[in-house]
Ligand code: BGC
């Protein structure tokens with residue numbers, strides 16, 4: 001089996017294990033009694049203003065106040081409330097549904113619990129760099145435990161959109177640019193959120209989103225049109241969804257974007273033919289926030305009524321926030337434009353979700369103030385956040401082994417807008433986070449230093465603007481120090497939804513600050529703050545050491561200190577390629593080879609696939625990361641040079657810790673199909689393993705490949721596999737490794 005193996009690729013037809021194939025007697029009995037208004041209510045979700053969250057999560061569109069929501073709940077006109085916080089409000093709302101409404105159907109409480117709740121874990125992109133499905137499962141489990149204690153049943157996570165363009169702000173929310181890593185982590189996160197038993201009070205429904213291809217928006221501009229071949233849709237963007245469904249996810253969310261001119265939320269082929277027809281998905285599709293109504297702005301629906309009709313006929317069960325189903329389903333069914341059977345099928349699915357959670361028998365599950373207090377911001381949650389933070393940091397550069405730093409005997413200057421900042425440690429999509437938990441860098445470092453007074457802190461500048469006298473004070477601090485720690489990068493409102501950037505460099509004022517600091521000649525360690533790959537340049541690119549520290553969550557300062565001072569040996573790897581320049585985007589390691597690949601010889605590069613000023617390669621490639629020890633791969637062995645059609649290829653290589661300290665390495669398996677009837681990626685990740693070794697120790701690392709791992713979408717947009725030659729690498733990253741090859745023999 002491949003490491004962390006999942007139901008691979010998109011060719012398998014997987015039916016979600018726990019979905020009900022037919023509704024229970026209880027559901028059928030309810031359905032028989034429901035008016036069309038009550039049915040439309042079950043298919044409607046609204047922002048929870050009975051217990052509003054802190055901060056704006058979404059545009060204030062069609063907001064209903066608390067009294068209206070309670071009244072509509074009693075009238076049976078609401079099935080789901082979203083993004084509310086706290087048990088007291090949950091109790092009031094659930095009482096209105098269970099004791100106040102005619103049919104007593106309990107409410108579902110949903111929320112964007114993306115990377116933690118009150119206690120925040122690293123942004124999903126950072127955590128994906130851990131290449132550690134078990135860690136992702138544990139943080140999802142912990143987030144579900146904390147959020148469900150606040151009366152929540154359903155999270156709109158994980159985001160499983162493959163994101164190949166770093167200009168797109170939502171790269172931060174997913175697993176990065178790779179399909180296989182995306183599959184493995186999607187599955188792990190679903191398992192974590194849902195737990196072993198959905199009826200357990202600490203389980204939450206997971207929602208792999210956004211269906212589909214939202215990560216492929218043109219030019220990385222959020223919400224933009226998507227132009228995509230059927231093959232790329234099926235090979236790249238759909239497999240993580242299938243993995244999530246195979247792991248038991250019972251819901252998905254329709255994306256804002258169109259694909260080749262058909263908006264996802266009105267895309268019957270996607271929502272019904274592929275999702276339910278081909279894959280056998282039995283769960284619920286919820287629209288993204290007002291995405292049904294947006295069919296009008298797309299120019300796909302004539303008006304709101306038409307939008308409601310198109311969305312429900314396409315297969316969208318629940319309308320989020322627009323209220324269109326409530327307004328129009330009664331007349332659309334009366335006129336016959338929407339068959340009642342279509343509405344009934346959606347209602348059955350929504351009621352089946354409520355049943356799967358045990359809400360009919362236990363409507364007040366997860367609503368207990370004592371449990372809420374006990375399970376919120378516990379020491380164990382904080383400890384897990386710190387551990388996950390440390391395991392998400394990527395050491396990109398460490399010239400002369402300047403890191404780890406000694407805890408004593410050096411004066412350190414911590415300089416930059418993020419030095420003492422507590423507002424930018426959790427990153428986007430952490431609206432529920434308890435800010436009082438946030439540990440800034442200065443606090444984390446001081447706590448780890450023998451003499452905290454030997455840390456000097458200077459802001460230097462703001463994120464995008466200067467600060468009066470800031471540069472002067474920062475330079476003076478650098479001059480007084482032995483080592484400078486430069487905390488620079490993006491603020492958290494530069495990443496996330498609607499935060500696309502045209503230029504993925506560090507803001508110019510911070511780059512100038514770095515230059516002023518570098519001019520002092522003091523060694524500089526860059527502590528990069530970011531929600532995407534960054535195009536590093538100049539003195540920042542050339543600093544003595546660079547740590548990709550992303551947004552690590554509540555415990556950020558402690559997690560960074562753990563790595564800086566060597567309590568934790570960094571072992572994360574890049575889940576996205578760091579390009580040489582912004583203009584290379586979209587840049588990803590697994591692009592297809594051209595007819596004119598750039599040769600290694602720099603003098604022979606005319607009329608080749610390169611940029612005028614640079615080769616089209618990464619500064620730091622996908623899969624890359626250093627640690628405080630070194631590893632060597634050797635002795636690649638393939639069980640056979642010729643793989644018979646139905647056989648398994650066994651691949652092994654020896655990994656040795658050649659350094660002086662214990663460490664963990666991520667050994668990666670890549671393939672390339674040499675000749676095929678479709679041009680194929682230069683490389684494709686097919687497996688990885690985390691291996692921990694003591695200094696001097698070595699171990700054989702084993703992988704397996706079968707015919708089904710060599711498939712692609714070929715002629716007629718079907719999954720095929722073709723005999724012939726394949727390259728294989730057992731590697732440290734997507735650009736190196738021990739190379740071998742084998743031939744897949746004909747059937
Ligand atoms: C986002 C979704 C999110 C929803 C509800 C939308 O703007 O695209 O990812 O789940 O809001 O908050």
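Bear in mind these aren't lab numbers, they're just calculated from the coordinates by the rules spelled out. Here the structure is a predicted model, which means the values were calculated and not measured. Glycine also receives a Cβ, built like all others from the backbone with ideal geometry; neighbour counts cover every protein chain displayed.
Roughly how many whole Å is it from the C-alpha centroid of the stretch 584-643 to that of the stretch 358-402?
36
Would you list 550, 719 from fewest to most Cβ contacts within 10 Å?
Fewest to most other Cβ atoms nearby, the residues stand as 719, 550.
Report the dimensions of the stretch 629-744 along its three principal axes from the alpha-carbon atoms, largest first, rounded to Å.
Largest first, the stretch 629-744 extends 54, 23, 17 Å along its Cα principal axes.
Just need the relative contact order of the chain here, percent rounded to a whole number, with Cα pairs under 8 Å and 6+ apart.
Numbers: 1911 pairs, mean separation 107.5, N = 747.
Once divided by the residue count of the chain, the mean separation gives 14 percent.
What list do you get for 540, 563 if you sort them by fewest beta carbons within 10 Å? Could you put the intermediate results ahead of the total?
Values: 540 24, 563 27.
Neighbour counts put them in this order, fewest first: 540, 563.
Suppose a student asked you for the relative contact order of the stretch 629-744, using Cα pairs under 8 Å spaced at least 6 residues apart; what percent would you report?
Working: 271 pairs, mean separation 36.8, N = 116.
Relative contact order here is 32 percent.
Quick one: order 153, 298 by neighbouring beta-carbon count within 10 Å, fewest to most. Kindly include the intermediate steps, with their values, before the conclusion.
On the way: 153 27, 298 19.
Listed from fewest to most nearby Cβ atoms, that is 298, 153.
Out of the DSSP beta bridges found with both residues in the chain, what percent are antiparallel (nearest 5)?
Details: 52 of 90 bridges.
Antiparallel bridges: around 60 percent, rounded to the nearest 5.
Hey, what's the Cα Rg ratio for the stretch 382-584 versus the globular rule of thumb, 2.2 N^0.38 Å?
For the stretch 382-584, the normalised Cα radius of gyration comes out at 0.93.
Convex hull volume of the Cα atoms in the chain, per residue, in Å³?
Values: hull volume 118.8 nm³, N = 747.
With only Cα atoms used, the chain gives 159 Å³ per residue.
Angle, helix 304-314 long axis vs. longest principal axis of the chain, Cα atoms, 0 to 90°, nearest 10?
80
Kindly rank 226-235, 420-429, 614-623, 482-491 from highest to lowest mean number of other beta carbons found within 10 Å of each residue.
On the way: 226-235: 18.0, 420-429: 22.9, 614-623: 20.2, 482-491: 24.6.
Highest-to-lowest ranking by the protection proxy: 482-491, 420-429, 614-623, 226-235.
Considering the Cα positions of the stretch 116-222, please state its Rg to one decimal place and its Dmax as a whole number of Å.
Every Cα atom of the stretch 116-222 included, Rg and Dmax give 13.6, 43 Å.
Using DSSP, restrict attention to beta bridges with both residues in the stretch 382-584 and report what percent are antiparallel, rounded to the nearest 5. Write down the numbers at each step before the final one.
Working: 5 of 23 bridges.
Taking every DSSP beta bridge within the stretch 382-584, about 20 percent pair in antiparallel fashion.
At 222 nm, what helix-only mean residue ellipticity would the chain give, in deg cm²/dmol to the nearest 500, using -39500 (n - 2.57) for each DSSP H run of four or more? Mind showing how you got there, number by number?
On the way: 19 runs with 188 residues, N = 747.
Only helices count here, giving -7500 deg cm²/dmol.
Could you work out the pair-distance distribution P(r) of the stretch 214-302 from its alpha-carbon pairs, with 5 angstrom bin width and percents rounded to whole numbers?
Bins of 5 Å from zero give 3, 14, 23, 27, 20, 11, 2, 0 percent of pairs.
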